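Written below as structure tokens is the structure these notes are about.
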Amino acid sequence: MSPLLLMIIAGAGIALLLLLVLKYKFQPFVALLLISIVVALVAGVKPADLVATIEGGMGKTLGHIAIIIALGAMIGRIIELSGGAEALAKTLIERFGNRRTPLALTVAGFMVGVPVFFEVGVIILMPLAYGVARAARKPLLVFALPMCAALLAVHAFLPPHPGAVAAAGQLGADIGRVLMFGMPLVAILCLVGYLVAGRMTRRVYPMTDDIRAEVYGAHVTNADLEAWARDDYSAVREATQGKTFAGEESASSLAAKLPPAPAPGFGLIVALILLPIVLILLGTLATSLLPPESTLRAILVVLGAPLVALLIDTLLCAWLLGSRRGWSRSQVSDVIGSALPGVAMVILIAGAGGVFGKVLVDTGIGAVVSEALRTTGLPVLALGFLLTMLLRAVQGSTTVALVTTAGILTPMVATLGLSPNHLALLCLAMGGGGLAMSHINDAGYWMFTKLAGLNVADGLRTWTVLVTVLGVLGFLMTLALWPFV
């Protein structure tokens, strides 16, 4: 089959995928699997080999990422239901002080975002933003915008979040190196997001009546918010001590069944969040710095394997945040199990993206696309960022955009001989594309704008602009690092 025809098949397949997801509202997993089958048959895969191709792509992808995503979700679920995330955020608010409360919530977004998914992090932290905004008599967006941008930045860039894990798996990047470069990069982005959001929120945006009434009371108007925006912060510290925040009464039925216990300590939650990251980084450094015959290297490589590090952390979370605080064995099991339904479809979508990638390779489409991309003259880093941002803008899902781009780029990357550090930077550049362009086809956009009380236009002016600026900046940072690693 000619290269031109293979290119046409690939383009038509991606266009049909987007059509199914956007117009006909197909579930992305079903759409990816269907398009993979159609593209494989049209491009010349023999019917007898079709099943083997699909199973091979699914198995190779899920063998690497399914355990990591599942264990990461379990850790996040235990921290969430134990009250650890709220305790972390409240302590940060107290320690940062009244004037820097938005920065405290941004740091909370970064730290909570590591173990929990974006949507869960928003649900956990937004009630805190409500309470602080009410007590401080300040517009909610001052607190919510940088905090939620930090949550999304972590979700787009860092393992164990599914898009980052899937992209690293398909491209053959080391997760430890992705974390090594990604943690400081995302921390800088969160700080920039806080500063940019501070300038954006100098203007007061009107809030919808329902959210304004929920946060401030029915008697408060948008004109009142504009007047408050000119005043100094007040009573923020009191908002974090012994008060009930909006939304805390609506705990999940599972959380309501757990025995009452004091909130976990700040240091314990920070240690549990950092433990798997530290183990993974130590495993990565051991392979580079210690001799192959070293016993210490062998131990650190095992402990630093992402699935081992996350498993250790899951067991510690279950004991320290569960059993030691009065949860029964069945309650610990129920909490851990409750994390899986929420990530099952995400895991399947990542697996289906792996199927699509294998189809591109086995049919020769990948090699043709790789050659076409190479002739554009753009560096692979820019291609990764632009393709991911384009797919993100068109279909909305960060995970789908990262998985699809990784499948497209894998054949090209295989011919470039990139170093492990460069592969990690490529994953992070793609994360920048996955962060940018959150708009009206993204569930995260609607979640933020609804809970922040923004209309569509103001959501685009604030949320979409901010995350796109941060996504582009993340790419530029990887571009600046590229020559030096």
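Bear in mind that the values in this text are calculations on the coordinates, not laboratory data. It should be emphasised that the depicted structure is a prediction, and the values quoted were computed from it without experimental measurement. Counting neighbours? That spans all protein chains shown, and the Cβs are built from the backbone with ideal geometry, glycine included.
Per-residue ellipticity at 222 nm from helix content only, as computed over the chain with -39500 (n - 2.57) for each DSSP H run of at least four residues, stands at -24500 deg cm²/dmol.
Determine the gain in length on full extension of the stretch Val394-Leu254; use 0.36 nm per residue of separation and subtract their C-alpha separation, reporting nm with one decimal. Before the final figure, lay out the partial values.
On the way: separation 140, 0.36 × 140 = 50.40 nm, distance 3.67 nm.
Value of the extension gain: 46.7 nm.
When the dipole is taken about the Cα centre of the chain, and only Lys, Arg (+1) and Asp, Glu (-1) are charged at their Cβ, what size is it in debye, to the nearest 20?
That gives the chain a dipole magnitude of about 460 debye.
Computed from the C-beta positions of Ser323 and Val302, the FRET efficiency with R₀ = 25 Å rounds to 0.50. Helix 47-81 and the longest principal axis of the Cα set of the chain meet at an angle near 20°. Each label was represented as a point 7 Å from its Cα along the Cα-to-Cβ direction; for Glu293 and Asp334 these points are 5.6 nm apart.
In the chain, the longest principal axis of the Cα atoms and the axis of helix 365-375 are about 80 degrees apart.
Could you give the length gained on full extension between Thr221 and Leu416, defined as 0.36 nm per residue of separation minus the Cα-Cα distance, in nm? Kindly include the intermediate steps, with their values, before the conclusion.
Values: separation 195, 0.36 × 195 = 70.20 nm, distance 5.90 nm.
Here the answer is 64.3 nm.
In this calculation the C-beta distance from Val38 to Met7 is compared with R0 = 22 Å, giving a FRET efficiency of 0.85.
Once each part is reduced to its C-alpha centroid, what is the distance from the range 425-472 to the range 61-95 in angstrom? So the separation of the two Cα centres works out to 22 Å.
Quick one: work out Rg over Rh on the C-alpha atoms of the chain, Rh as Kirkwood radius. Don't skip to the end; give the middle numbers.
Details: Rg = 22.9 Å, Rh = 23.2 Å.
Here the Rg-to-Rh quotient is 0.98.
Look at the alpha carbon pairs under 8 Å that are at least 6 residues apart: their mean separation over the length of the chain gives a relative contact order of 25 percent.
Arranged by the count of other C-beta atoms within 10 angstrom, fewest first, what order do Ile35, Ile78 take?
Working: Ile35 25, Ile78 28.
Fewest-to-most Cβ neighbours within 10 Å comes out as Ile35, Ile78.
Of the residues Cys148, Leu281, Pro3, the one whose Cα sits farthest towards the positive end of the charge dipole of the chain is Cys148 (charges of +1 on Lys and Arg Cβ, -1 on Asp and Glu Cβ, taken about the Cα centre). When Ile440, Ile273 are arranged by Cβ crowding within 10 Å, least crowded first, meaning fewest neighbours, the order is Ile440, Ile273. The 3J(HN,Hα) values that the Karplus relation (6.51, -1.76, 1.60; θ = phi - 60°) gives for the range 96-106 are, in residue order, 7, x, 4, 5, 10, 4, x, 5, 4, 5, 5 Hz. Gly and Pro appear as x. Residue-wise HN-Hα couplings along the range 267-276, as the Karplus relation 6.51 cos²θ - 1.76 cosθ + 1.60 with θ = phi - 60° gives them from phi, are x, 5, 5, 4, 5, 5, 5, 7, 3, x Hz; Gly and Pro carry x.
Quick check: net charge around Gln395, other residues with Cβ under 13 Å of its Cβ, Lys/Arg +1 and Asp/Glu -1? With Lys, Arg at +1 and Asp, Glu at -1, the net is +2.
Put a dot 7 Å past the Cα of Arg461, heading toward its Cβ, do the same for Ile440, and the two dots end up 1.6 nm apart. For a modelled paramagnetic label at Glu371, 7 Å from Cα along Cα-to-Cβ, the residues of the range 1-23 in reach, with backbone nitrogen under 19 Å, are 1-12. Legend: ranking of residues His161, His219, His422 from fewest to most surrounding C-beta atoms inside 10 Å; resulting order His219, His422, His161. Helix 443-452 and the long axis of the chain differ in direction by around 10°, with both axes built from C-alpha atoms. The Cβ shell under 14 Å around Ser419 holds other residues with a net charge of 0, Lys and Arg each +1, Asp and Glu each -1.
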